[in-house]
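Each remark here refers to the structure printed beneath this line.
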Amino acid sequence: MTKERQQLGRSGEDLALAFLVQKGYEPVARNYRFRGGELDLVMRDGDTLVFIEVRTKHAVDHGTPLETVDFKKRRQIERTARYFLAREKIADDVCCRFDVIGIVMTAGRSPLIEHITNAFMTGE
C-alpha cells in the first residue's frame, strides 16, 4: 500500500471517529489487529458494541467506498471481531453489530460521509 493510500485511510478513520463521537458513540479501540485482519474502529453505541469498517476513496468512478466491503472482507472482519471478543473477555450476552462508513474525499469539497448501521450480519 502506498503512503498516499495509507494517509487517505488514516484521514478517513479520523473523520469517521469524530463523526461517531459527535453522534454519541464512545471509542473502545482503533486499528485493532489480529493476524489476517484489522478492526478499524470498535465503539460503543449505548449498550451495543459496534465493529466499524471505514472505507475512504477520492472518487467513485469505480464504485462507492461502501461497495468495496465484499464477502471476503466481511468474513475477515467477523473473524477479527470474534478474536477481539475472546481476547478482551467480552461477555457472551453483549449485543454487537457491524457498521460500515464510506467516505468520499474529493479535492475542493467537504468530505461526504455515509454511515450504514447493521451493514451486515455474521455469516452473510
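Couple of notes before you dig in:
- Global geometry of the chain, whether rounded, prolate or oblate, following the gyration tensor of its Cα atoms and the 1.5 cut on a/c: prolate
- For K72, the aspartates and glutamates whose Cα falls under 19 Å of its own Cα, not counting residues fewer than eight places away in the same chain, are E38, D40, E53, D99, E124.
- Here the chain exposes an accessible surface that is 50 percent carbon and sulfur, computed with a 1.4 Å probe and the other protein chains kept in place.
- Farthest positive-ward along the chain dipole, Cα basis, beta-carbon charges - from T64, F34, A81: F34
- Cut-off 12 Å between beta-carbons: net charge of the residues surrounding V60, Lys and Arg +1, Asp and Glu -1: -1
- For the range 4-118, the solvent-accessible area of protein heavy atoms averages 60 Å² per residue (probe radius 1.4 Å; ligands and nucleic acids excluded).
- Proximal charge balance of T117 [Cβ under 9 Å; K/R count +1, D/E count -1]: -1
- Using the Cβ of V104 as centre and a radius below 9 Å, the other residues enclosed give a net charge of +1, where K and R count +1 and D and E count -1.
The values are calculated or read from the model by the stated rules, or taken from the named source; none is laboratory data. Given the structure is predicted, the values throughout are model-derived calculations rather than measurements. No Cβ is skipped: glycine too gets one built from the backbone with ideal geometry, and neighbour counts run over all protein chains shown. Only protein heavy atoms, including side chains, enter the accessible area calculation; ligands, DNA and RNA are left aside. Shrake-Rupley method; radii C 1.70, N 1.55, O 1.52, S 1.80 Å.
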